[in-house]
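Report on the structure given below.
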Amino acid sequence: MRSARSLVAVAIAAQLVTTLCTPADAVPRPPTANVVSLGTPLSDVLLIGGTVAPGPNGATAIWNVSTGSPAYLNAIDPATGDSLLSAALPGADGSYAVAAAPDGTIYAGTYNNGHLYRRRPGAASPVEDLGRPIASESFIWRITTDEQGNVYGGTFPNGKVFRVDHQTGAVRDYGTVKPGQTYVKSIDYWNGKIYTGSLPDAHIMELDVNTGAVTELPAPPGLGDPADKVVYDLNARAGRVYARISTAFPGPLYVWDIASRTWVDEIPNAHGLDISPTGANGELYLIQNSELKKYDPATKTLTGTGLTFTGRIQNARAIGYADLGLPDYPGTSVVGTLWRGEEFRYNPQTGKSEIFQSKVRREPIEILSVAGGKDKIYAGGFLNGGVSVVDPSTGNTTFNRFSQVEALMEGSDGKVWVGAYPEARLYSYDTTRPWSSPEYSPGPPGTPDNPTQVLNLKPDLLQTRARALAEVNGKIAVGTVPDGDRLGGALVIYDPKTNTAQKYRNVVQDESVFGLTARGGIVYGGTSIAGGLATTPPTRDAGTVFAWDVAKSRKLWETVPVPGAATVSSVTIGPDGLLWGVAGKTVFAVDPHSGKVVKSSTLGTTASSGDIVATSEAVYVSIDLNKIYRIAPGKKATPTLFVEHAHRRLGVRGDQQLLMTSGSELFRVDISR
């Protein structure tokens with residue numbers, strides 16, 4: 001249901017300011033803000049962690065956690081795709097970590113609260129929140145269980161392993177497994193040992209669960225330098241460890257024989273996130289080269305099943321075995337789920353296979369980016385992703401399944417430009433033609449790609465987030481954040497007419513580009529000392545603003561506007577011609593010609609990153625993620641509180657509308673007098 005609320009500007013403060021400037025009878029009435037909810041424009045299914053285990057009724061089910069606020073633990077009937085259970089995990093946003101104990105208890109480790117949840121067997125059993133196993137850890141990456149049902153997990157930000165006793169709940173903290181590695185990205189158990197894979201560098205460790213002794217396995221042959229590689233998935237099966245050193249995309253799966261302590265095989269182009277348990281004849285199933293394959297560990301051979309996968313992400317979110325009781329699926333079948341809630345299944349006897357949409361409920365998606373257009377509003381999703389086109393009057397929405405969207409902008413040609421994560425990709429979306437994304441949501445066969453990918457800045461610039469967009473003389477400026485454990489963003493100027501790009505890495509040395517605006521052939525940016533991961537130590541102590549001459553391909557100036565502030569998160573050109581920006585709790589204005597700071601006001605109490613936008617009459621700035629201040633032109637103009645409302649992103653549409661997001665909800669802020 002949509003609701004409407006009116007929030008009136010702080011008129012007294014505004015009058016105090018304006019009466020200092022001009023006679024009272026010459027001062028126009030201060031504008032007011034009418035805040036209108038446009039609902040939740042983005043919702044979809046995103047499954048990450050999962051397992052196959054007995055369900056609420058005792059029969060085999062596919063268990064997954066669906067991302068949301070809160071996340072939900074789901075059990076799916078593998079024969080029908082029906083939902084058998086959907087239980088909230090209060091306080092959790094999602095989970096990579098779902099595992100079953102031998103007695104059928106389901107455990108889930110979550111983010112961003114770092115809690116462990118438990119559901120014991122039985123149709124009426126509730127989900128229990130066991131809290132944080134380790135107080136310092138906010139993210140449980142993966143979990144596994146042993147023969148007694150004890151749970152082991154790998155964490156961030158201190159790269160720890162913990163154990164929770166299945167009977168008593170007692171917690172053992174094994175400490176940081178590999179010094180300097182802040183993520184235990186993958187974990188599994190076999191015969192008294194825990195095996196872990198790390199990030200940001202690829203180290204595979206063996207931990208004795210009784211003594212706590214840790215031994216590092218030798219690097220797989222041919223791996224080379226482990227720096228900036230990730231042990232993304234790791235499974236222990238029948239005396240072997242299967243470690244995939246890659247990303248969300250295909251990569252080599254290395255096989256370690258525990259008894260001989262040697263690497264015995266390498267499976268190329270393997271997909272994550274899991275491989276199946278060992279079957280009746282010792283076989284395993286995994287996705288390799290976009291097809292479900294049977295792997296024989298004894299002969300090291302792969303056999304295709306004919307079940308193929310399409311789209312950008314082709315990872316098994318859960319994979320195991322079930323007796324389906326269906327005519328084409330006699331005996332035991334291989335079953336699993338994909339990231340958007342599809343179920344796949346394959347029967348080894350008949351060769352029958354299929355992929356179909358399960359009935360996992362869609363969850364609202366947090367809005368990560370928002371932009372106003374001439375006739376529409378555009379919203380981009382976090383993690384689950386998606387691009388929605390919203391009617392600003394009614395809130396009616398067209399949702400399109402897509403990648404995580406870092407930035408959106410409607411260009412002067414009417415096309416919508418989309419900055420995506422990962423690989424810092426740039427897309428051009430023609431809203432007059434049907435949406436058809438071969439990576440995420442293809443249209444009918446033969447439908448042209450729309451949006452069209454025009455840039456991928458990972459291969460040559462090592463970038464991962466297309467964080468900011470601006471238009472300059474018909475060209476599209478892109479500001480980026482680097483990939484992995486590195487510093488140094490990029491500024492890229494893309495020319496749609498020639499399909500060419502000018503690329504500049506480290507336009508501000510060792511800083512990422514978080515905000516962009518442009519005027520008169522000059523691009524202005526705001527930067528951050530942050531790198532690609534929280535593990536990256538910065539080399540500088542403050543974010544900057546800079547000016548870049550597009551025609552001359554050179555930087556004109558660079559300024560630290562707020563000493564000690566790590567990030568200049570957003571910049572805009574105000575109606576007074578000054579370059580305005582926000583760095584944490586401080587708003588400032590810079591002379592765009594010299595880079596000299598001419599105005600600065602500390603308005604907030606936190607260092608939370610906000611946005612700043614402008615109309616023809618004023619600048620509006622987000623402070624503390626719960627206040628929006630208005631700054632009118634003039635030497636004596638003072639920021640006045642305009643809206644007080646929790647929000648994450650601030651945008652603008654024309655002169656009479658601000659756009660505001662709070663979680664998954666979109667708001668229109670009407671400016672009126």
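Using helices alone, what [θ] at 222 nm do you get for the chain, with -39,500 (n - 2.57) per DSSP H run of 4 or more residues, divided over all residues and rounded to the nearest 500? When only DSSP H runs of four or more count, the value is -500 deg cm²/dmol. Taking 20 °C and 1.002 mPa s as conditions, segment 586-673 diffuses translationally at an estimated 158 µm²/s according to Stokes-Einstein applied to its Kirkwood radius (Cα pairs). Set the Förster distance to 60 Å, then compute FRET efficiency between Glu147 and Thr539 from the Cβ-Cβ distance, nearest 0.05. According to the calculation, E is roughly 0.80.
The alpha carbon gyration tensor of segment 85-176 gives principal lengths a ≥ b ≥ c with a/c of 1.5 or higher and a/b no greater than b/c, which makes the shape oblate.
As I understand it, the value is the acute angle between the Cα axis of helix 11-21 and the longest principal axis of the Cα atoms of the chain; what does it come to in degrees, rounded to 10? With rounding to tens, the tilt is 40 degrees. For Lys294, a cut-off of 17 angstrom between C-alpha atoms picks up these lysines, skipping any fewer than 8 places away in its own chain: Lys352. Computed from label points 7 Å out along Cα-Cβ, the spacing between Asp375 and Asp495 is 3.1 nm.
Rg/Rh, computed from the Cα trace of segment 31-161 with Rh as the Kirkwood radius, has the value 1.07. Residues whose amide H lies under 5 Å from that of Thr615, counting only those 5 or more places away or on a different chain, are Tyr620; hydrogens are built 1.01 Å from N in the peptide plane.
Note on exposure: Lys229, Lys585 ranked by accessible area (1.4 Å probe, complete protein assembly) read Lys585, Lys229, with the most exposed listed first. So what does log10 I(q)/I(0) come out to for segment 278-389 at q = 0.10, 0.21 Å⁻¹, using the Debye formula with one equal point on every Cα and no solvent? Taking Cα atoms of segment 278-389 as identical point scatterers yields -0.42, -1.14. Given Lys555/Lys596; Lys374/Lys552; Lys229/Lys552; Lys503/Lys585; Lys376/Lys497, which pairs have Cα atoms separated by over 27 Å? Pairs exceeding 27 Å: Lys374/Lys552; Lys229/Lys552; Lys503/Lys585.
Applying 0.36 nm per residue to the separation of Arg29 and Thr301 and subtracting their alpha-carbon distance, the gain on full extension is 90.1 nm. The alpha carbon centroids of segment 448-510 and segment 339-376 are separated by 28 Å. In this structure, the amide hydrogen of Gly610, modeled 1.01 Å from its nitrogen in the peptide plane, lies closer than 5 angstrom to those of Ser569, Gly584, counting only residues at least 5 positions away or on a different chain.
Counting only protein chains, not ligands or nucleic acids, how are Ser86, Ser186 ordered by accessible area (probe 1.4 Å), most first?
Numbers: Ser86 50, Ser186 0 Å².
Correct descending sequence by accessible area is Ser86, Ser186.
Hey, any idea what % of the chain's accessible area is carbon plus sulfur with a 1.4 Å probe? Present the calculation step by step, with values, prior to reporting the outcome.
Values: 12820 of 25340 Å².
The computed percentage sits at 51.
Applied to segment 74-81, the Karplus parametrisation 6.51 cos²θ - 1.76 cosθ + 1.60 on θ = phi - 60° returns per-residue 3J(HN,Hα) values of 10, 10, 10, 6, x, 7, 10, x Hz, with x for Gly and Pro.
By the Cα gyration tensor, segment 446-560 has an equivalent ellipsoid whose semi-axes, rounded to whole angstrom, run 24, 19, 10 from largest to smallest.
Would you mind working out the accessible area per residue for the chain, using a 1.4 Å probe, and quoting it in Å²? Walk me through the numbers on the way to the answer.
Numbers: 25340 Å² over 673 residues.
Accessible area per residue, the chain: 38 Å².
In this structure, the amide hydrogen of Tyr440, modeled 1.01 Å from its nitrogen in the peptide plane, lies closer than 5 angstrom to those of Arg312, counting only residues at least 5 positions away or on a different chain.
The values are calculated or read from the model by the stated rules, or taken from the named source; none is laboratory data. As the structure is a computational prediction, the values presented were derived from the model and not from experiment. All Cβ positions, even for glycine, are placed from backbone atoms using ideal geometry, and neighbour counts span all protein chains on display. Side chains included, ligands, DNA and RNA excluded: accessible areas come from the protein's heavy atoms. Shrake-Rupley method; radii C 1.70, N 1.55, O 1.52, S 1.80 Å.
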